[in-house]
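Written out below as structure tokens is the structure these notes cover.
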Amino acid sequence: MMRIALYVALFAMMNGCTGTRGVRADLTKIRPWSVELERAEPLPAPYVVDFEAGTRALTYVAVEHSNEASSPSLKLVGNAMESRRFSAVVLEGFPRSQGISPEAMKIGSEKDGANGFYRDGETSVAVKMAVKKKVPFVGGEPDEDIIKAAAFAAGYKLEDLFCLYVTRMIPPWRRDGTLTRQSFEESYSEIAPSLGVRLGLAPLSLENFKSWYQQKLNQPFRVRDVSDQSIAPLAEGATFTQRLSAVIGKVRNEHIVRVTEEMLNKFGRVLVVYGSSHYPMQKLAIESMLGKPSRISDQP
């Protein structure tokens, strides 16, 4: 009887070791963004990609950023989360270091969505649904210190990050109506203090920002000139903002995949909601954990 009990215990230990081995992503397979890679997206956004590997499963909801509840992206997020079985959610827009199901995100989502308009877009919709289903959620973003270290290593300065972050806000401000309700100058004065705190930097004046823009992009700052393309993460891009965006994009994608890996190993079944441009870049790294997708569809 003692020998049988010993065999049972040994078998249980072996199974436990196997279960904790988990999946491991190959980050070298993450690809830099390019126009050609964007064209290689499996479907026009939004779409859903499913992976199955033994007891682990991943649903990747690739969206086109939007603020309207009636948009295809926000509808797909809600429908996918309503119809799927998952045990954790990874979301864009806030860092993993905030912990599991941060209270601030719950409170923010509760206040968002009035009259069918979501200021925080798909992230608010996903948080609401996760809370409803009593499923834990985390942010996929790296801490600012990680981004700063990568930027410094590539030869950039804090002022460059500050001004890039302001520039990157312009397309979202167009989408969510900020630049319809108020001027860019007013928007700048609102965001500059929080960006300064985030970066550990005294916020730059509007004049300093415009001077930086003129110097780095060789043209005067005009809101109408800033587009998604001008801040696209291109390592060999023609503009300063593209090249710096590429440094940040690499760090972000690596971190998102690592957080996804962590959640897969901890919870087994995971749902990810991110902008569709991230999926082609992360695709091969995800496949290194879970194999080829079992399903790709524009339906939940």
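The values are calculated or read from the model by the stated rules, or taken from the named source; none is laboratory data. None of these values were measured; they are calculated from a predicted model. For neighbour counting, all protein chains shown are included, and Cβ atoms are generated from backbone atoms with ideal geometry for every residue, glycine included.
Among residues of segment 15-44 being farther than 23 Å from residue 261 by Cβ and either in a helix (DSSP H, G or I) or not assigned by TED's automatic domain parsing to the domain that holds residue 259 (or both), the one that is modelled with the highest pLDDT is 36.
One residue stands out in segment 116-126 among those that are crowded, with 19+ Cβ neighbours inside 10 Å and more than 14 Å from the chain's Cα centre (by Cα): the one that is farthest from residue 172 (Cα to Cα), namely 125. Among the residues of segment 242-280, those that are in contact with a Ser or Thr (Cβ under 6 Å, 6 or more places away or on another chain) and either outside any strand (DSSP E or B) or in the same structural domain as residue 155 (by TED's automatic domain parsing) (or both) comprise 267, 268. Take segment 204-234 and flag every residue that is assigned to a loop (DSSP other than H, G, I, E, B) and either at pLDDT 95 or above or in contact with a Ser or Thr (Cβ under 8 Å, 6 or more places away or on another chain) (or both). Across segment 204-234, the qualifying residues are 204, 205, 218, 219, 220, 221, 222, 226, 232, 233, 234. Residue count for segment 228-247 under the criterion of being among the β-branched types (Val, Ile, Thr) and under 21 Å from residue 41 (Cα atoms): the result is 1. Residues of segment 65-86 that are assigned to a loop (DSSP other than H, G, I, E, B) and in contact (Cβ under 8 Å) with a residue 12 or more places away in the chain: 65, 66, 67, 69, 70, 84, 85, 86.
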